[in-house]
Amino acid sequence: MTGSEAFAKRVIESRRLVATVLFVVTLVALAGIYDPIQGVPRIRIDPSLNEMLPADDPARLFYEELLDRFGSDDVVLVALIGDDLFTKSGLAVVEEMARGLSRVEGVHHVEGLTTAVRMRRVDDDIEISGFFDDPIESQEMANTLREELLSDPLRAGTFVSKDGRATAMLVTFERMPEDVFLAGNLDLRLLEVARESALDQPQLRVILAGTPHVKAEVGRLLTGELVMMIPVVVGLMGALGCAFFRSVRLGMAPLAAVGLGLVWTIGTMGWVGHDLNIVTTLIPPLVLALGFAYSAHVVSGFAAEHGEDDTALERSRRALAHVAFPVTFTALTTAAGFLSLTSNGLEVIRGFGIFAVISTAATLLAALTVVPLLLSGAEKPTSTATTDWLDRQFTRLAAFDARHVGSLLALGGVASVFAIAAATRIEVNLPVIENFGEETAIRQAYQEVDALFGGANQFYVMLQAEEKGAFERPEWLREVQALQAWLEMQPEIGDTTSVVEYIEVLNEGMGVDDPPARRIPNSRRLVAQLLLFGANEELDVLLDRAHQVITIMVRSTATETQEFDDLASRIDKRLGALPNGITGHATGNAILLTRAADRIARGQALSLVLAAAMIGLLLVGYFRSLRLGLFALLPNLLPLLFYFGLLGATGTTINNATALMGSIVLGVAVDDTLHLLVEYRRALRAKMQREEALRVALVRVGRAITCTTMAVCLGLLVVGTSGLQNQAEFGLLGAATLALAWLVDVTITPALCLKLIDAD
């Protein structure tokens, strides 16, 4: 008795015990998803982008140092736009809006025109006051305020657009977990309050921008789409299974198995405290699609069993014994593909790889236990015209493959050359705002903020001196000024702000020069006096109290990591030219994503090499032959080449989602190949000729591999409807690639079988 036969016998004979164990495991998993004692879910959606880099990465550590010194840079920008902004009624809305925003739950403070200070000379003294200290009672006062703001280098382009049509309020929240921010929809609450303030002024519009708003929108999309995708995928697979197996019971059996596999996987994530993030949210639909494939092969084996007097129990046992080995082996190759992702330098991709391996094991276990138990009470379907039609098509396909062996192999070679040529055009990019459709409100808001304020994407250049008080020295402040001028010459940068502008305005207001001039004083003592006199909260985010560290806030219109990579390289080179005693670094969310993109590019090749090596070793072990093992791997490299060819041909970039598909394609595509090879070798050992063995093998597995390929492709096509571009690309290109993999398995793989494999 073989190992597969012994396993099948034990599952069927101990079915009550197996069912009890599975029931207990499922209850434990459900408790991992939802805490029944506290009545709260354990699984949350984490839309964070900062977790793209590992905690010990130098770029992330430097970014966290910036936050520790100067506070959070996660601010929501609320913009009020309209030609009637600088009117008595328009400015009243500004004041009301600022008060309303400051009262929103979780808001730490609001910065804008109502909180900004102005420094102006009055007689022989300098007056420091707020722009709204004097009530705006006439249009003349409104016009004066507008002119004053537009001439102020600290306010023009920051709190007020340079065309005077918009004002920006920067809302900083208390530090809180991102899931709490998301659960409270705090960014949408800001939008609601802002619009209520402008309710009586319909000519004024309100828009939102900022990293917290992007994260929250991503989280809402991920949550909504996950809730939608799971039932849609389940429904499509149920319909597909019933159609292919001509039985409701047989068609629904795989769904029960993949449902339990999904519960076990998500429950494990809950118990270990791992949230669903921008990458692992792909696991549920992927689990459903891949798990369906394992279960479908068990059902197909049951449907193919013949024996007039057999009971359902006996047919289940024989079907399980027949498919247990190939199904288990294909699960191992799939798991190897996922496991290769753990070599990636990004934590989110490593996490995906780990839990995808767990999901593979869970769905395999369900396929080899739950499905046979459900089938043990089923009636065997009778043959129909549909069965005969499918069998005839695969018989004809086998004959076609046998007649055109040379042509099929040549066609595969030519297609590979074209795929490699297209793949040379691939680029790496981690989309943020481009992840949303061009017509979405959030993307249009960012484009508008770009135009009004010189860039919605903000990052920082942090300069650190070796000695305290270093940035009181005029010559070093002029170095900062020169650096800002250089930054503003870069095409991706709209504007910059630093302590230099504060010092220049203070110098003019204090009347140090005669006549007063907006410039950096020549005396270190005067600079120190100006900084002491003008100290305020705004200055604290640009210069530390020791006057040793400066931050330059940079507003950029660049949004793609490709653009930022080039910009960051130029900035790094320019910072290398700073005088001795000053070091500089660029940091911020955009810079972190650029570093993450570099890690994706480096990790992609390593993951694929590891996946190919692990799968190759498994195949060599199965065939007990290096030649046959490498042969079995060869047709599965073609879909991988086609995937990268599709990336290059369609202009799709490698990102945090599409970077996963290469290893997945390699691990999944080999499944159908193995099922075909196992049946082909069994037929050869039964003393059949090669052409007859191929016909028997294709007829035996054709229905199952076609059904499973359609199921996986349907699941990925559902992911392809995502409102997030990178996930949509993952689904659409993955479905196209796996469809091509099926085509390879029913044409080129048979041709290779006829050419290279014999009964030994």
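The values are calculated or read from the model by the stated rules, or taken from the named source; none is laboratory data. Since the model is a prediction, treat every value here as computed from it, not as a measurement. All Cβ positions, glycine included, derive from the backbone under ideal geometry; neighbour counts span all protein chains shown.
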Taking the stretch 528-556 and keeping residues more than 19 Å from GLN481 (Cα to Cα) and either touching a His at 6+ places or on another chain (Cβ under 7 Å) or at pLDDT 80 or above (or both) leaves GLN529, LEU532, ARG545, ALA546
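Just for the stretch 410-449: of the residues that are over 26 Å from LEU724 (Cβ atoms) and buried (at least 17 other Cβ atoms within 10 Å of the Cβ), which one is modelled with the lowest pLDDT? Spell out how you get there, then give the answer.
Step one: list which residues in the stretch 410-449 are over 26 Å from LEU724 (Cβ atoms), which gives 410-421, 424.
Going one step further and asking which of them are buried (at least 17 other Cβ atoms within 10 Å of the Cβ), we end up with 412, 415, 419.
Values: GLY412: 88, ALA415: 91, ALA419: 92.
So, considering only residues that are over 26 Å from LEU724 (Cβ atoms) and buried (at least 17 other Cβ atoms within 10 Å of the Cβ), the one modelled with the lowest pLDDT is GLY412.
Got a sec? Which of LEU738, LEU733, LEU714 is more than 30 Å from ILE442 (Cβ to Cβ) and either of a type outside the set (S, T, N, Q) or part of a helix (DSSP H, G or I) (or both)?
Numbers: LEU733 fails: more than 30 Å from ILE442 (Cβ to Cβ); LEU714 fails: more than 30 Å from ILE442 (Cβ to Cβ).
Every option except LEU738 fails the conditions.
The rows are residues; the columns are (1) surrounded by 13 or more Cβ atoms within 10 Å (Cβ to Cβ); (2) acidic (Asp, Glu); (3) on the phi > 0 side of the Ramachandran plot.
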residue	(1), (2), (3)
ASP134	no, yes, no
GLU137	no, yes, no
LEU150	yes, no, no
PRO153	yes, no, no
GLY157	yes, no, yes
SER161	yes, no, no
PHE173	yes, no, no
What residue, of ARG685, ARG700, is charged (D, E, K, R), surrounded by 21 or more Cβ atoms within 10 Å (Cβ to Cβ), touching a residue at least 12 places away in the same chain (Cβ under 8 Å) and farther than 30 Å from GLU217 by Cβ? ARG700
Looking across the stretch 150-170 at residues that are at pLDDT below 90 and not in a loop (DSSP other than H, G, I, E, B), the single one that is farthest from VAL449 (Cα to Cα) is LEU150
For THR583, the lone unmet condition from (1) in contact with a Leu (Cβ under 8 Å, 6 or more places away or on another chain); (2) of a type in the set (Val, Ile, Thr); (3) buried (at least 19 other Cβ atoms within 10 Å of the Cβ) is (3)
Would you call GLY616 closer than 25 Å to SER300 by Cβ and either assigned to a helix (DSSP H, G or I) or at pLDDT 85 or above (or both)? no
LEU452 part of a helix (DSSP H, G or I), of a type in the set (A, V, I, L, M, F, W, C), over 35 Å from the mean Cα position of the chain (by Cα) and at pLDDT below 90: no
Of all residues making up the stretch 86-117, the number that are without any contact (Cβ under 8 Å) to a residue 60 or more places away in the chain, surrounded by fewer than 19 Cβ atoms within 10 Å (Cβ to Cβ) and touching a Phe, Trp or Tyr at 6+ places or on another chain (Cβ under 8 Å): 1
Wholly inside the stretch 462-565, helices (runs of 4 or more DSSP H) that include 2 or more residues that are of a type in the set (A, V, I, L, M), surrounded by 21 or more Cβ atoms within 10 Å (Cβ to Cβ) and touching a residue at least 12 places away in the same chain (Cβ under 8 Å) are 474-489, 499-510, 524-533
Contacts under 8 angstrom Cβ, first residue in the stretch 704-716 being touching a residue at least 60 places away in the same chain (Cβ under 8 Å) and closer than 16 Å to PHE730 by Cα, partner β-branched (Val, Ile, Thr) and not in a helix (DSSP H, G or I), 6 or more apart: none
Out of the residues in the stretch 31-42 that are within 26 Å of the chain's Cα centre (by Cα) and modelled with pLDDT of 90 or more, which is nearest to TRP271 (Cα to Cα)? GLY32
